[in-house]
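So the structure is just underneath, and the comments pick up after that.
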Amino acid sequence: MNNQHWLRPVRIIIALIFLAGFFLLFSDVKGNLPWLTFEVLTSFQFVPSLLKFLFLPGVLTAGFILIILLTIFSGRIYCSAFCPLGILQDAIAFLQRRLPFKTKRRKFRKALNYIRYPVLGLSVISLFFTGILAINWLDPYANFGRIASNLYQPVYIATRNLLANILMTFDVYSIQPFVQKVFYPLPFFIALSVFLLIVSMVLYRDRLFCNTICPVGAILGLLSKISFLKISIAKTSCTQCGNCQVACKANCINIKQMSVDESRCVSCFNCINVCEDSSIGLRKAWMQPAIEQPSHDKTKRDFLKAGLLFAGAYPLLATAEEGEEDHPRFCHRGPISPPGSQSIEHLKEKCVGCQLCISVCPTKVLQPSFLEYGFTGMMLPRMANDIGFCNYDCVKCSEVCPTGAIIPLTQEEKKTTQIGKVFFNKNLCIVETDGTACGSCSEHCPTQAVYMVPYHDNLTIPETNPDICVGCGACEYACPVENPHVAIYVVPNKVHQLAQKPLTEKVETVETEEFPF
Amino acid sequence: MKRRDFIRKSVAASIASGTLFSMGRWDPLLASGNISAKAIDMVAVKNGEPAAMFDAGIAALGGLKSFIKPNQTVVVKPNIGWDAPPERAANTNPELVGRIVKLCLEAGAKKVMVFDNTCDEWTACYKNSGIEKAVKANGGQIVSGKVAGNYHPVEIPNGKILKKASVHELILESDVFINVPVLKNHGGATMSLAMKNLMGIVWDRGYYHANNLHQCIADFVTYRKPDLNIVDGYRVMKRNGPRGVSVDDVATMKYQLISKDIVAIDTAATKIFGIDTERVQHIGMAEEMGMGTTNLDSLNIKRITL
């Protein structure tokens, strides 16, 4: 099996490229990276690709099929080479081994199938009751995204700003500081808890998450059972030295029985390179020496039991959604979903909450939700008009979305996508209450859905034309009124509408011979 | 031999002195004895390209050397408020800004910095306005106007309403401050001109809007008058300002104004636009506070048609 020693370094190189790539994506604070970078990296993510394919079938969204084929060919390559959360766990384990802590010697452990398959079953069953809620919380890519967006990006911005500030004291303005990410305690603590949970699972038993909680790991694990190539041990040459067992981060090599649980093997190939007598390696499945398979009956029983249990409990968790509200009151208006998400319903059906869109939004108008969309819509993007407003020409979030929750929009399509409508409360307006000029709202309005009309004493006051409003929130962001709240704001369209295009005629250029003064 | 030496030396001397005089800085010294040549208060240029109009206009004022001493630092404040291309005329013309940067450096400036506290997201504004490229190509530096820590509180003792503001450190620290607004319509302030452009050097613009916009604009001028104002009237947004909706809002008028008097230059700009100066209330307020004059007849205006 000597000829297979190249597998591990190749796996590590691909993994590092993917991990670095994903950190690069989440460092793109101003959304300057080309569209293709996002497309290439995210199209190999299983759940996002699957969700996107179901909605927008095509070659570019068929990444999950590739992963399935790869798994059927040679096991869970995805888990060690493409999955950012898997690679992150390897990185944590790598650090752990180089820190002066005592680490437990790895050994074979039984599969925790009574957790793994019920969790998978639960996430599948829950699709019928609460949409992708469970997938949202369990998907490794989405969890990585939330960790990167909430924990890594602030550190990146702070470091960059520190450098910029040091340079600025020397009057060098070559690095421009960025505005720090807005701190929302709940989304932050959710991401932090998940990160700490994963770190502790790694410290406890390496890839424990991948083989007990991760639904993608469970699906690919089932597929691995029919893989063409599998890691196996040549019983004739194996000396049972146990090196492979110690190197196995999935704890799936049983050296006593000289067997490998391929459903848990994450294809890291560490075992191949530590084997002293070249006995372990990838082999065609039918060439394997016969190994007594453990009975699957217990697994099946676990699966069914847990499935029934959770099927009963799930509807209780799904809370009733808030009713329709016509009166556009500021505090009860509900969340606004980003352009391209089509409707709040669509967003909640498709979004896994990876927060890539939030991380790259140049104006930072996209911020994570907590309970704005209800219990089933936590950590999704929402328009925070108090933080920023949606740039009229920008389609970045629709370009980067890996799941099709925000479908790709052209600039032209976006300019007629109405995510909400402007509502002006004249009684609160500065021009009305103070009798002084303002016009901040109209100033920022890209379509002049908010425009100024003559008022008393040379003043002008806003008027609105909601038909051409796209709901970008610029007026709301710019409104200086604070008490009790802004005088102009966007009332969400739960289902996005088509905005009319602003009609304009060309102004005439009057040629003058003489100076007018 | 002596005669030849004499001729040679005298030719060399006359060339040297001619060169010195033509450099411009000596003109005011020599002209000071000449009472009939009254100093020019404002230059108005029309019918040229932005850079060519600036070349002609600033030459009439004795070149930028009359405003910049060697090794001084210069801050240029165009309007870069919006994520819009030059054709939309929401921002100052990039060609003009580039030429100003170039001539500042030629006049001996140590460095030229350009910034604005933008309304739209700043990297998009800098890029799509074409100003970032023009500034860099001409040797200037682009600075973000969106770093709160770069703004420092100042007192405005003569302000009626605006008593304090946070001003960008480049304005506080630079030796020369050149204000380069674009002439355009403005929904709230009626017109966006030289004085209105100064809202882009303070941090909290919301205060202006919430507390009598026109008075605050006028109040700020009492704190800091730019050393030179250049109004870009090449493309003029006639309506839907200050952001504009499309190129349909824009008329190509090919004007440029240069003056130290911020009230006078705004007055002239309203006349080019074709609106009563009184309707732009901050102009009258600033005149009342002694910041300049709206009476253009009292000024020596040099008019140049290219």
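We did not get these values from a lab; they are worked out from the coordinates using the rules stated. Given the structure is predicted, the values throughout are model-derived calculations rather than measurements. We place every Cβ from the backbone using ideal geometry, glycine too, and count neighbours over all the protein chains shown.
Scan around B:Arg224 for amide H atoms under 5 Å from its own, H built in the peptide plane at 1.01 Å from N, and keep only partners 5 or more places away or cross-chain.
Residues meeting the criterion, in which the H sits 1.01 Å from N, do not exist here.
Using only Cα atoms, what is the ratio of the radius of gyration of the stretch A:417-517 to 2.2 N^0.38 Å?
Ratio of Cα Rg to 2.2 N^0.38 Å: 1.27.
For B:Ser129, enumerate residues with amide H under 5 Å from its amide H, sequence gap 5+ or separate chain, H modeled in the peptide plane.
Result for B:Ser129 returns B:Ala84.
Mean separation of Cα pairs under 8 Å and 6+ residues apart, divided by the residue count of the stretch A:1-95: what relative contact order is that in percent?
Working: 67 pairs, mean separation 29.0, N = 95.
Across the stretch A:1-95, relative contact order equals 31 percent.
Can you give the % of DSSP beta bridges in the protein assembly as shown that are antiparallel, to the nearest 5?
70
Roughly what percent of Cα-Cα pairs across chain B reach past 24 Å? Don't skip to the end; give the middle numbers.
Numbers: 24246 of 46665 pairs.
Result: 52 percent of Cα pairs exceed 24 Å.
Using only alpha carbon pairs under 8 Å that are at least six residues apart, calculate the relative contact order of chain B and give it in whole percent.
Worked out over chain B, it gives 22 percent.
Starting from a Cα-only point model with no solvent, please compute log10 I(q)/I(0) by Debye for the protein assembly as shown at q = 0.06, 0.08, 0.09, 0.11 1/Å.
-0.51, -0.78, -0.91, -1.16
For chain B, give me the percentage of DSSP beta bridges that are antiparallel, rounded to the nearest 5 percent.
50
For the stretch A:110-122, just list the computed ³J(HN,Hα) in residue order, Karplus coefficients 6.51, -1.76 and 1.60, θ = phi - 60°, integers in Hz, with x standing in for Gly and Pro.
5, 5, 8, 5, 5, 9, 4, 6, x, 4, 4, x, 4
Hey, what did chain A get for relative contact order, percent, Cα under 8 Å, at least 6 apart?
Reported relative contact order: 17 percent.
Once amide H atoms are built 1.01 Å from N in the peptide plane, which residues 5 or more positions from B:Met191, or in another chain, come under 5 Å H to H?
Amide H neighbours of B:Met191: B:His186.
From the Cα gyration tensor of the stretch A:42-108, with a ≥ b ≥ c the square roots of its eigenvalues, which class applies: rounded if a/c is under 1.5, or else prolate if a/b is larger than b/c, or else oblate? Don't jump to the answer; show the numbers that get you there.
Values: a/c = 4.36, a/b = 2.47, b/c = 1.76.
Prolate.
What are the ³J(HN,Hα) couplings of the stretch B:192-198, residue after residue, when phi is run through the Karplus curve with 6.51, -1.76, 1.60 and θ = phi - 60°? Round to Hz, x for glycine and proline.
Computed from phi, the couplings for the stretch B:192-198 are 10, 10, 5, 5, 4, 4, 6 Hz.
May I ask for the longest run of chain A untouched by GluC sites (Glu not before Pro) that are loop-located per DSSP and have at most 15 neighbouring C-beta atoms (other than their own) within 10 Å?
The longest such stretch corresponds to A:1-275.
Using R₀ = 41 Å, calculate the FRET efficiency as 1/(1 + (r/R₀)^6) where r is the Cβ-Cβ separation of A:Glu463 and B:Ala148; round to 0.05.
For A:Glu463 and B:Ala148, the calculated efficiency is 0.75.
Please order A:Trp6, B:Trp122 by the number of other Cβ within 10 Å, starting at the fewest.
With the fewest neighbours first, A:Trp6, B:Trp122 line up as A:Trp6, B:Trp122.
Could you check the spin-label model distance between A:Asn165 and A:His332? Points 7 Å from the Cα along Cα→Cβ, value in nm.
Between A:Asn165 and A:His332, the label points sit 4.4 nm apart.
Rank these for me by crowding, B:Cys119, A:Cys248, going from fewest to most other beta carbons within 10 Å.
By the 10 Å Cβ count, ascending, the order reads B:Cys119, A:Cys248.
Roughly what would the spin-label model give for B:Lys160 and A:Asp393, points 7 Å off Cα along C-beta, in nm?
Output for this residue pair reads 3.9 nm.
I'd like the Karplus ³J(HN,Hα) series for the stretch A:457-462: coefficients 6.51, -1.76, 1.60, θ = phi - 60°, whole numbers in Hz, and an x wherever there's a Gly or Pro.
Taking θ as phi minus 60°, the curve returns 6, 6, 8, 10, 10, x Hz for the stretch A:457-462.
Within a 10 angstrom radius of the beta carbon, how do A:His5, B:His168 rank from fewest other beta carbons to most? Walk me through the numbers before you get to the answer.
Values: A:His5 14, B:His168 24.
If I rank by nearby Cβ atoms, fewest first, I get A:His5, B:His168.
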